[in-house]
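Down below is the structure, laid out as structure tokens.
Taken together, the values in this text are just the output of simple stated rules run on the coordinates, not laboratory data. As the structure is a prediction and not an experimental result, all values here were calculated from the model. Every residue, glycine among them, receives a Cβ derived from its backbone with ideal geometry; neighbour counts consider all protein chains shown.
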Amino acid sequence: MKKIYTTLFVSFLMLNTFAQIDRSKKPEAGPAPEINLEDPQTFDMKNGLKVLVVENHKLPRVSIQLLIDNAPVLEGDKAGVSSLTGSLLGQGSKTIPKDEFNEEVDFLGARINFGSQSAYTSALSKYFPRILELMADAAIHPNFIQEDFEKEKQKMLTNLKSEEKDVKAIAGNVAGALAYTKAHPYGEFSTEESVNKVTLEDVEKFYANYFLPANAYLVVVGDVKFKEVKKLVQEYFTPWTKGTPPSLGFTSPSDALYTQINFIDVPNAVQSEITAENLVALKMKDPDYLPALLANEILGGGGEGRLFLNLREDKGYTYGSYSGLGNDKYGPSRFRAVASVRNAVTDSSVVELLNEIELIRKSPVSKEELENTKAKYTGRFVMALEDPQTIAEYALDIETEDLPKDFYKTYLERINAVTVDDVQKAAKKYIKPEKTRIVVTGKASEVLPNLENILFNGKKVPVKYFDKNAEPIEKPESGVAAMPEGVGVDDVLNKYLEAIGGQEKLSDIESYVMTAEAEMQGMKLNLEMKKTADGKFMQDVAVGDNSMNKQVFDGKKGYVVMQGQRKDMGEEEIIKVKEEAIPFPELSYLSDATIKFEGIETIDGKKAYKLKLSEEKTAYYDMETGLKIQETTMADMGGQPMTSTINYQDYQEVSGIQFPFTLSQTVGPQHFDFKVNEIKINEGVSDSDFE
Amino acid sequence: MKNTILLGLSLTLSAMVATAQEVAYEEYNLDNGLHVILHQDETAPVVTTSVMYHVGGKDRTEGRTGFAHFFEHLLFEGTENIERGDWFKLVSSNGGKNNANTSQDRTYYYEVFPSNNLELGLWMESERLMHPIIDQVGIDTQNEVVKEEKRLRYDNSPYGQLLFTVAENLFEKHPYKDPNIGYMKDLDAATLEDVVAYNKKYYVPNNAVLVVAGDIDISETKKMVEDYFGPIPKGADVVRNYPKETPITTEINAKAYDTNIQIPASIIAYRTPGFTERDAYVLDMISAYLSDGKSSKLYKKMVDDQKQALQVGAYNIAQEDYGMYLVFTLPVGETPLSTLNTEIEEEIAKVRDSLISEKDYQKLQNKFESRFVNANSSVEGIAGSLATYYLLYGDTELINKEIDIYRSVTREEMQKVAKKYLNPNQRVVIDYLPGEGNEQ
């Protein structure tokens, strides 16, 4: 008996030893995992609110989401009213002042956020009753007050202001407006003008019209009991008065008639934003919804997409290029392929984008591409299931998108059944190169000439021009416009010197002192600058009494003091400071053959001569007044090229000479407006200033 | 309003005992010393496979800093059975995701896959441990990548050098004085031999923990773990014997410069005990008390009421041997840094000299409970916690019991600990200023 045991034991051991795994090959995946999707519990309230509850007792926490599924709202000449409504919600209620409200939420270790037609909160489940009560109270009895309204409006205006020259923001606005028109909720955007038209009453009206229970869903997920949720929701949300939002029509947009480039000139752009777009009529319930998603994913989904592999990995044009395919039950949405690229490769990038868009329709995708993409989708779907929110989201989709009840239960099966042919059919239907609008936002003078010569399928792609409000305009000035007959570099310089006072007056100047100040993130920067005709220079930038950066140059040698650290200037720095030191460098530019005329450009709406002063420096002189209106300098900042732009405005006379009294400097994301306090000529400067 | 809060209070007290959530796990050692922790969770058909190695920035010799982080990069280069460049493709084309990170104390690698690819995850991690390809090509490639990462994350990033400055002033002898990412000259000087020797010393099963968490069958998983990790030979014991610091008894003042910033910052930092010590938990609570949330002491006073600071934050940077406790502020307008420091010290002095209020104490308890609950909300997060508690704290069960430590901390203890570690003569005060520095 004993012996048998031993034998058995030995053979078992042997089995283990010999059945060694083969680690030279990747292990095969096991059978596809089974998906177990629960359904949430639901109930409806008399006022129309639908409630979904997912009980999940794994962790003692709860989240509550309120979502109002109204049709898109056209805000018209008061665009911005919905955002303002969102930011004024959740600031207490009629019965609880804002500060007390915030303090209590903080004490509970919870969070609450509101949108214009939504709200979200999360907390430990033991605080569920109170947090639900607070959220309902703030949602149903908001306390809109003038003071908060003004504060939020100012914030919004500041944001809009900071986006004025933001290429990405402009591109986003205009691409939307051109696709949908500005008379469509998805095409309109807020402007300073439209936000200024909004009043507190408009916010109250917006809230009254749209923050209604008719199309509202309340989703509760977490460690709660359905019965308790039902009781409390009925208690807190019954005061929410029944109502239906007004139904207003808006224009139905249509695709571009032919492939075209729509160009927006943003002269400060160092990168171009490219969006190739067409409208798509795709709803989640459409039978080709999944093949369409896969087609888009293969084309431009993430780091494995064709756009990324081509424009980034292969060509190095951009940090990333992607595509997206929208779906919308209310009407058209968009297919978009996007890239942010260097100015110099803007035209090549447009060509590559068009090629990829064409290719995904023309040729079937490879089996491997499709299989890998399916695996990505499967992984994502499966991983999302871990989060109980997913169950609620899926149930909400089924409800709001009118999907079959088993839409997500059969999701993986249906993904796996998609064929190469299905993908191509979907690509052909939803990606329409023959009606693609390629919206390019960038610097006309550098990118426009080449953009006008793009061929697609043997035909030249026409370019149309728009301003940043998406209004059609004439072609902007670009490239090297010919110098008007009989005008040379010296003429431009002479006209400038004449305009600021004339060479004779300028030669009387031995020295000048300028003091100016700028505001930076709430801090005041003080600038003091002294220059002499014989090339001495001193500049001190201080925050309050603390000098941040001081440069001193006596004509031969100099030093820099930064935060109390003194460093002598090196050779290169001396060359640079010598250029800066001259009070009116244009005097020395006359008859300098290295200075080149580079064309005529529009700077802040004014036509200007562009002179290239050196490798790094370019200046623009107003064609009409002759005054210098802008100077750009290329510099190397920590290995990256950076452009510093100074705009000169508000010229004022001091002792017969015109000086700009506003100097706006932009370096990368930083912007300073220096306002000149005082300029003194031939006084207040002594040699000791340069020691 | 008052009534509601009181009601909330009593609710908390009664609910405290009831909310103990339990993360169930099983742990054992393989013969080669690899510690294995299995955690089953059938919520979704997803599995996380992860390995934490007890090797971090501090494990180096002088002149060879940054090795642990460099290895994190190097060990994606390929193995005897996984070709160079295939690692990420293997993951994404099988529906997974992966990543890795390195601290001064440990290195962590993980993959998340649909559960039918559990074996793939185990294979990949065992390949990495068993026979990674370490050659000059990989070293050269990753040397460049690490330099790029350093430029992006530290050199070109506003306040990117801040923690380095704190560390070099708080530590004199202990390796924590040097940046985790290391000095580039050290990486440049590293030879292939150095690198291979480092791998042999630290990347051994007896210096690591494997966690498999998610939708798994326990006995099948054990067999797979044995199959893939069993044959890996045990290494020599890892001995750590780093120099001890002498206590700071006089305030240290320092200046640092950063060209990427326009607004200066002030930092007050203290050296604190290693994270396994009870005092470290107490310090965690003190920093939350001072600066977590809009109603915290420093935020409310300096940002909201007196408008002296744009931002203020207290951080307890927990590490194995010593911690770093720091308060960081950005001034509004022309507020001098010294004023900020006075204001901060005033609040810290209050913690030393008096008890915090009952209400604030309760708020803290709510916050820590909320943190604890959310920390274990994903299987991926649980896997990381299990590995950390075992490998660095030496007690896996902390995943369920750590909250009890916070709960047991009293107001009196907070005062005692503040008195012990947060005195003006124990601090380092750093003016972190815009501009070019003379160092480095």
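In sequence order, segment A:51-61 has phi-based couplings of 10, 10, 10, 10, 7, 9, 9, 4, 10, x, 9 Hz under the Karplus curve 6.51 cos²θ - 1.76 cosθ + 1.60, θ = phi - 60°, and Gly or Pro positions carry x. B:LYS234 label point, 7 Å along Cα→Cβ, cut-off 18 Å on backbone N: hits in segment B:164-204? Within reach of a label on B:LYS234: B:200-204. Rounding to the nearest 10 and keeping the result within 0 to 90°, find how far the Cα-based axis of helix A:146-162 lies from the longest principal axis of chain A. Compared with the principal axis, the helix lies near 70 degrees.
Going by C-beta contacts inside 10 Å, put A:THR259, A:THR251, B:THR43 in order with the fewest on the left. Could the numbers behind the result be given before it?
Details: A:THR259 22, A:THR251 12, B:THR43 16.
Fewest-to-most Cβ neighbours within 10 Å comes out as A:THR251, B:THR43, A:THR259.
If you line up the long axis of helix A:226-237 against the longest principal axis of chain A, both from Cα atoms, how many degrees apart are they, to the nearest 10? Around 50 degrees separate the two axes.
Note on A:MET135, B:MET324: ascending count of other Cβ atoms within 10 Å places them as B:MET324, A:MET135, the fewest first.
Axis of helix B:278-291 versus longest Cα principal axis of chain B: the two differ by about 60°, to the nearest ten degrees. Couplings 3J(HN,Hα) of segment B:249-262, computed from phi: 10, 10, 4, 9, 10, 8, 10, 9, 10, 9, 6, 8, 10, 10 Hz, in residue order, whole Hz [Karplus 6.51 cos²θ - 1.76 cosθ + 1.60, θ = phi - 60°; x for Gly and Pro].
When the C-alpha to C-alpha distance is required to be over 25 Å, the pairs from A:LYS495/A:LYS596; A:LYS25/B:LYS222; A:LYS524/A:LYS578; A:LYS367/A:LYS428; A:LYS495/A:LYS612; A:LYS151/A:LYS524 that qualify are A:LYS524/A:LYS578.
A straight Cα-to-Cα reach below 16 Å connects A:LYS230 with the aspartates and glutamates A:ASP44, A:GLU55, A:GLU133, residues fewer than 8 places away in its own chain not being considered.
The Kirkwood radius of the protein assembly as shown, taken over pairs of alpha-carbon atoms, gives through the Stokes-Einstein law at 10 °C and 1.306 mPa s a diffusion coefficient of 46 µm² s⁻¹.
Checked against a 21 Å cut-off, the cross-linked pairs A:LYS165/A:LYS205; A:LYS205/B:LYS294; A:LYS468/A:LYS607; A:LYS168/A:LYS464 give Cα-Cα distances beyond that limit for A:LYS165/A:LYS205; A:LYS205/B:LYS294.
Here the contact order of segment B:252-434, divided by its residue count and restricted to Cα pairs under 8 Å and six or more residues apart, works out to 39 percent. Cross-link partners for A:LYS443 among the aspartates and glutamates, with Cα-Cα distance under 14 Å and sequence neighbours closer than 8 places in the same chain left out: A:ASP166, A:ASP265, A:GLU273, A:ASP347, A:GLU452, A:ASP467, A:GLU477, A:GLU601, A:ASP604. Using only side-chain charges placed at the Cβ, +1 for Lys and Arg and -1 for Asp and Glu, the dipole size of the protein assembly as shown relative to its Cα centre rounds to 2420 debye.
Judged by the gyration tensor of its Cα atoms, with axes a ≥ b ≥ c, chain B is oblate; a/c meets the 1.5 cut and b/c is at least as large as a/b.
Under a 5 Å amide H cut-off, with hydrogens placed 1.01 Å from N, A:MET569 pairs with A:GLY558, A:TYR559, A:VAL560 among residues at least 5 apart or on other chains.
Comparing B:PHE275, B:PHE88, B:PHE70, which has the greatest mean-square fluctuation in the GNM of chain B with Cα pairs linked when under 10 Å apart? Maximum among the listed residues: B:PHE88. With each label modelled as a point 7 angstrom along the Cα→C-beta vector, the B:THR250-B:HIS131 pair spans 6.0 nm. Residue by residue along A:20-32, Cβ atoms of other protein chains within 10 Å of the local Cβ number 6 on average.
The value of relative contact order for segment A:489-690, using C-alpha pairs under 8 Å at least six residues apart, is 22 percent.
As a test of the formula, what do you get for the protein assembly as shown when each DSSP H run with n ≥ 4 contributes -39,500 (n - 2.57) and the sum is divided by the residue count, at 222 nm and rounded to the nearest 500 deg cm²/dmol? If you can, show how the numbers build up before the last one.
On the way: 35 runs with 403 residues, N = 1131.
-11000 deg cm²/dmol, from helical runs alone.
Our summary gives segment A:41-237 a relative contact order of 42 percent, counting only alpha carbon pairs under 8 angstrom and 6 or more residues apart. Listed from fewest to most Cβ neighbours within 10 Å, the set A:THR625, A:THR244 follows the order A:THR244, A:THR625. When the C-alpha to C-alpha distance is required to be over 25 Å, the pairs from B:LYS177/B:LYS367; A:LYS50/A:LYS376; A:LYS531/A:LYS675; A:LYS26/B:LYS201; A:LYS58/A:LYS329; A:LYS531/A:LYS617 that qualify are B:LYS177/B:LYS367; A:LYS50/A:LYS376; A:LYS26/B:LYS201; A:LYS58/A:LYS329.
Residue by residue, segment A:239-252 carries 3J(HN,Hα) couplings of x, 6, 6, 4, x, 10, x, x, 9, 10, x, 8, 4, 9 Hz when phi is fed to the Karplus relation 6.51 cos²θ - 1.76 cosθ + 1.60 (θ = phi - 60°); x denotes Gly or Pro.
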